[in-house]
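Below: one structure, written as structure tokens.
The values are calculated or read from the model by the stated rules, or taken from the named source; none is laboratory data. A quick note: this is a predicted structure, and the numbers were derived from the prediction, not measured. Cβ atoms come from the backbone with ideal geometry, glycine included; neighbour counts cover every protein chain shown. These accessible areas exclude ligands, DNA and RNA; they are computed on the full protein's heavy atoms, side chains included. Shrake-Rupley method; radii C 1.70, N 1.55, O 1.52, S 1.80 Å.
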Amino acid sequence: MEEGRDPDVRLGRVGATASAAAECEVLVIGGGTTGVGVARDAAMRGFSVILVERGDLATGTTGRFHGLLHSGGRYAVKDPQAARECIGENVILRRIASDCIEDTGGLFVTTPIDNPDYADRFVVACQDTGIPVEEIPVAEALRREPRLNPRITRAFVVPDATIDAWKTVWTCARSATDYGARILPYHEVITVTRDGDRVTGIVASRPDGGQVQIRAQVTVNAAGAWGGRIAALAGCQVQISPGKGIMVAANHRLVQTVVNRCEMPADGDILVPIRTVSVIGTTDIPTEDPDHWEITRAEINQMLESGENLVPGFAAGRMMRVWGGVRPLFQDDAPAETRDVTRAHAVLDHRKRDGVAGFLTITGGKLCTFRLMAQDVVDAVCIVLGTTRASRTADEPLPDSQGHHFYQLGSRLAEREASLLDEQLICECELVRRGRLEAEMGRRPAPSLDDLRRALRLGMGPCQGGFCMFRATGILHQMKHLSAAEADQALMAFLEERWKGVYPLLHSDQLRQAWLDDWIFQGVLDVEHLPQAAPAQPQGTEPPQTQPQETEPQETPTGRAT
Ligand SMILES: Cc1cc2nc3c(=O)[nH]c(=O)nc-3n(C[C@H](O)[C@H](O)[C@H](O)COP(=O)(O)OP(=O)(O)OC[C@H]3O[C@@H](n4cnc5c(N)ncnc54)[C@H](O)[C@@H]3O)c2cc1C
């Protein structure tokens, strides 16, 4: 590998100069599960690797998904290829990423609104695609899940589970850097450089306002729903049909098992228990622009009604938050309905498609198939580079998963109880200790409070930051030597992001909570009238070298949606 001219790039930090350069064999665009999976696989095969991501890692669709490690049952009838990929990867991820997974198990239930004939087709399709499936008596299903709709007529057990996307991404990134990869968050690709018919790398903007040029022998486009745009920068065409979906979190764990309707995939047909909450989702609406879309009242009502069908009384419960994400659905001839697009993935070699060498796109797929997607595209990289190197990601566990222990609900509480009086608690809802918060702040050059939220779950509980965020802001101010105006700005930015996901759901107890938060921030602190600096530029970070992140994907804000 030729070293870059800016040594700081290697460390994933911002260089001191306004422009910098680096070189690698494999350049990866996109820091979601797919991108970090590619970076890890390629680095493990001995390639020199750089990954660029325009925001923090996992701020794209990965950080906005539904939390489900699919068994494949959902796709068994409609999309057998996707179902086979899901069950294959389900088995592998349980082995290599156990620390990121809670083994909740899954149920498919025939509810009063489902076609009763579907269940028999479902069983046959599961058997055909290799998904373990077992019918259990309805009484047994209701014993396991007492809040389930008592009018269900059939119930099937499958190996669904939940997977923590943020933990998965951070631990993959950490493993990739252990193998020598360089991970550059807050680096946005603005140009894909070409020499005639060959892609030679990229130019990316840096968080300090400068730019970095990265030359690569092969560039892999893993930009998810933004993949079409990256391809266009290279003069290639990739038809992505972004499919927007929303999810609503109730502040209790109403079920302990992932519960699916036993029916063709539809809206609002899965209830996922994630940590202490339950998440109903999702919708699937074609959208033009993955950066600009809205969550409508009708969609929220649809989710509440869907939850009611699975768990009577759901809609009257305390709803904590709504958010959404955009699926990177790929099909050469885009159909009208995005649910008709296969959930299987595709590797595109642009030399064959567009006559442009040195450029590959990995697209489609699911979060739970990210490892396979990475393996397939790095196999294609090997072909382009004329070498044969086998993938080892199916066998080598991720850091923190060597012990093959699944995540257990309550582990954070157990840790806290062991040292109850030793340390200040900053976030009561999520049990975030001061030491842990300071360690995370120390690891990042200039973290936003939202970056800290993703890393630690800070402010993600029922009070949505009401009690912890002024404390966290004070600590950030002290540790990072912010001016008062900069600290005010950081707090306001966080509150505005949180508010987007809270206000569409305000009623009952959550409305009382929001009113209390408002008294704290407006009544006591008068945040809107504090002097504020211009928005701070978040800066790069290295994947954590310390403890695994206790994070959860479901609470990300609606982002750029309104
Ligand atoms: C509502 C919803 C629910 C879902 N639920 C599930 C589920 O339960 N289980 C499951 O397995 N899958 C689920 N999925 C699918 C899954 O979330 C996605 O397939 C997966 O997260 C895609 O990951 P990715 O890395 O390919 O894309 P992303 O996570 O979107 O990563 C692409 C990255 O590219 C970056 N990028 C874009 N432009 C640039 C640029 N110019 N320069 C640098 N970086 C750039 C983006 O910031 C982004 O971080 C769901 C999807 C949606 C929308």
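Quick look at the values:
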| item | result |
| --- | --- |
| The chain: Cys lacking any partner C-beta under 4.7 angstrom | CYS24, CYS86, CYS100, CYS126, CYS172, CYS236, CYS262, CYS368, CYS382, CYS429, CYS463 |
| ARG121 - accessible surface, heavy atoms, 1.4 Å probe, Å² rounded to 10 | 130 |
| Dipole of the chain [Lys/Arg +1, Asp/Glu -1 at C-beta], most positive-end residue of ILE240, LEU476, SER401 | SER401 |
| Protein-only accessible surface order, largest first, of ARG351, ARG253 at 1.4 Å | ARG351, ARG253 |
| Solvent-accessible area per residue for the chain (1.4 angstrom probe, square angstrom) | 38 |
| GLU396 accessible area, 1.4 Å probe, all protein chains in place, Å² to nearest 10 | 50 |
| Normalised alpha carbon radius of gyration of region 439-500 [divisor 2.2 N^0.38 Å] | 1.02 |
| Lys, Arg +1 and Asp, Glu -1 on Cβ, resulting dipole of the chain about Cα centre, debye, nearest 20 | 440 |
| Among GLN81, PHE65, GLY46 the positive-end extreme of the charge dipole of region 38-118 (Cβ point charges) | GLY46 |
| Probe 1.4 Å, all protein chains present, accessible-area order of VAL157, VAL524, largest first | VAL524, VAL157 |
| Cα point-scatterer Debye curve for the chain, base-10 log of I(q)/I(0) at q = 0.06, 0.11 Å⁻¹ | -0.28, -1.00 |
| Ratio of the Cα radius of gyration of region 143-196 to 2.2 N^0.38 Å, where N counts its residues | 2.23 |
| Positive-end residue of PRO146, VAL169, VAL158, charge dipole of region 142-186 with Cβ unit charges | PRO146 |
| Computed [θ] at 222 nm, deg cm²/dmol, the chain (DSSP H ≥ 4; -39,500 (n - 2.57); rounded to nearest 500) | -9500 deg cm²/dmol |
| Solvent-accessible area of GLU428 with every protein chain in place, 1.4 Å probe, in Å² to the nearest 10 | 90 |
| Accessible surface ranking that places the most exposed of HIS404, HIS70 first, with a 1.4 angstrom probe | HIS404, HIS70 |
| Cα gyration tensor, region 309-430 - rounded (a/c under 1.5), prolate or oblate | oblate |
| Size of charge dipole - region 55-170 - debye, nearest 20, with Cβ of Lys, Arg +1 and Asp, Glu -1, no other charges | 180 |
| Prolate/oblate/rounded label for region 46-145 (Cα gyration tensor, a/c 1.5) | prolate |
| Apportionment of accessible area to carbon and sulfur, the chain, percent (1.4 Å) | 52 |
| Antiparallel content of DSSP bridges confined to the chain, in %, to 5 | 70 |
